[in-house]
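Structure record follows, encoded as structure tokens.
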Amino acid sequence: MIILSIETSCDDTAISIIEAKNSKKIDFNNFEVLANLISSQAELHSEYGGVFPALAKREHQKNLIPLLIRSLKKANLLKETKKELDNKKILKIKKGLEKNEVLFQDLKEFLKKYAIPEINKIAVTIGPGLEPCLYTGTNLARALSFYWDIPLLGVNHLEGHIFSSYLAPIEKIEFPAIALIVSGGNTQIIYVKKIGEYKIVGETRDDAAGECFDKTARILGLAYPGGPLIAKKAKECKSNKYDISLPRPMMKEKNYDFSFSGLKTAVLYDRKKRKEIDENYVQEMACEIESSIIDVLTHKTIKAANDFNARSIILGGGVSANKKLIKEIKKNTKLKVFYPPLKFSGDNASMTGLAAIYSPNTKNLNWLKAKPKSNLKINE
Ligand code: KG4
């Protein structure tokens, strides 16, 4: 079975094509990623210090068809056609894409030029995420499903992140597990009874951890996305000139929830209080920001793993690219810790494809009625 997946929940436009030899048992040897392409908008959003939804939607519209062509080509599935366009179908598609005019024009040209590829299913992220962005990907998936007459599947973005660890040759994940999904839009601790059965046991009450990295990076004059840059500055830090000490929000509380907005405010106040700053300040502050976020994430994840008798810990989401986070979690537990290969830690469509193939929660969608949901829960 070959599955084409589309992911546009935030600021990355991503398309993947996976061939699954066995769709019953998830194992690295049972599938092959034929194409995994991502078009990042990071530079564009850098000016705003975070993702600007209307701009992200515009970029998804522009990026999707060129990325689709490149993905099909990479997977050796792109073939030209001499067949006439089915204008009746095109008219229907036009209606569905009335808010995506640029995408519609590109799609029409694409359908005119290329034959139906040999794929069996189309999967798309239907939430959670930024609504205008989710709609753009979903609308394209619906149009392709209708025009090509290929079944359409809906995937939860957070479940995708849980599946991302399987995109490497790993040992079997033992369940129950505790998953920490931590990105620019989400910070959740999820009890995974088994694949497909989830319970959210903790989550952020305000900003996500990635958002905190991004916003504090901006205060320090660093570009977006801030997480990797804070990590880099923290690694370079050798001084202790400013003696900075930030809080570890909610660390002592008995629940598994988080709060990161106060941390951002603390960084802002500290920065304002200093008239002159130098590179030492940026490095020391970066180090303290990273330590504070990681201390809290590690403490709560390990606590949840112990309290729920987990047999493994699963990490996912953009922040799971942080080497110190992985190291700290591993240092504080005897359990096996699973995390995605670096290129699959952030948003990508291969994780969407895997979840579509292997999760019992994957929804068969009706192309006509399919709609994303920006606040979709993993256990919905
Ligand atoms: O999952 P993702 O690609 O997109 C969504 O937010 O959905 O995550 C992006 C987030 C950004 O906030 C970025 O700053 C953060 O992941 N991030 C990191 C690192 N790499 C990316 N945070 C800390 N350390 C990193 N190495």
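The values are calculated or read from the model by the stated rules, or taken from the named source; none is laboratory data. Just so you know, these numbers come straight off a predicted model, no measurement behind them. Using ideal geometry, Cβ is built from the backbone for each residue, glycine included, and neighbour counts are taken over all protein chains shown. For the accessible areas, the whole protein counts, side chains as well, though only heavy atoms, and no ligand, DNA or RNA atoms are used. Shrake-Rupley method; radii C 1.70, N 1.55, O 1.52, S 1.80 Å.
Here is how the numbers come out for the structure above:
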read-out	value
Tally of residues being more than 10 Å from the ligand (Cβ to nearest atom) and of a type in the set (A, V, I, L, M) across the stretch 229-242	0
2 or more residues closer than 26 Å to HIS157 by Cβ and aliphatic (A, V, I, L, M): qualifying helices (runs of 4 or more DSSP H) within the stretch 18-125	42-46, 53-74, 101-113
Verdict on SER71 being hydroxyl-bearing (Ser, Thr, Tyr), touching a strand residue (DSSP E or B) at 6+ places or on another chain (Cβ under 9 Å) and open to solvent by 50 Å² or more (accessible area, probe 1.4 Å)	no
Some residue of the stretch 342-361 being without any contact (Cβ under 8 Å) to a residue 12 or more places away in the chain and either over 30 Å from PRO132 (Cβ atoms) or under 22 Å from the mean Cα position of the chain (by Cα) (or both)	no
Subset of the stretch 207-228 (residues that are open to solvent by 10 Å² or more (accessible area, probe 1.4 Å), near the ligand (Cβ under 8 Å from one of its atoms) and touching a Leu at 6+ places or on another chain (Cβ under 6 Å))	none
Test set (1) assigned by TED's automatic domain parsing to the domain that holds LYS121; (2) touching a Lys or Arg at 6+ places or on another chain (Cβ under 6 Å) - TYR358 fails condition number	(2)
Residues of the stretch 362-380 that turn out to be open to solvent by less than 40 Å² (accessible area, probe 1.4 Å) and either touching a helix residue (DSSP H, G or I) at 6+ places or on another chain (Cβ under 7 Å) or basic (Lys, Arg) (or both), as a count	4
So SER359, is it of a type in the set (S, T, N, Q), surrounded by 19 or more Cβ atoms within 10 Å (Cβ to Cβ) and away from the ligand (no atom under 16 Å from the Cβ)	yes
Hey, LYS343 touching a strand residue (DSSP E or B) at 6+ places or on another chain (Cβ under 8 Å) and within 12 Å of the ligand (Cβ to nearest atom) or not	yes
Filter pass, ASN375 being assigned by TED's automatic domain parsing to the domain that holds GLU211 and touching a residue at least 12 places away in the same chain (Cβ under 8 Å)	no
Some residue of the stretch 287-306 being at pLDDT 95 or above and not in a helix (DSSP H, G or I)	no
The stretch 1-44, subset in contact with a Gly (Cβ under 7 Å, 6 or more places away or on another chain) and open to solvent by less than 10 Å² (accessible area, probe 1.4 Å), residue farthest from the ligand (Cβ to nearest atom)	ILE3
Any hit, the stretch 261-277, residues being closer than 21 Å to PRO225 by Cβ, crowded, with 18+ Cβ neighbours inside 10 Å, outside the structural domain of SER16 (by TED's automatic domain parsing) and within 14 Å of the ligand (Cβ to nearest atom)	yes
Members of the stretch 78-100 that are under 26 Å from the mean Cα position of the chain (by Cα) and open to solvent by less than 100 Å² (accessible area, probe 1.4 Å)	GLY96, LEU97, ASN100
First in the stretch 218-247 and free of Cβ contacts under 8 Å to residues at least 24 places away in the same chain, second anywhere and part of a loop (DSSP other than H, G, I, E, B) and basic (Lys, Arg), Cβ under 9 Å, 6 or more apart	none
Answer residue from the stretch 117-137, given it is within 12 Å of the ligand (Cβ to nearest atom) and among the aliphatic types (A, V, I, L, M) and is least open to solvent (accessible area, probe 1.4 Å) among those	LEU134
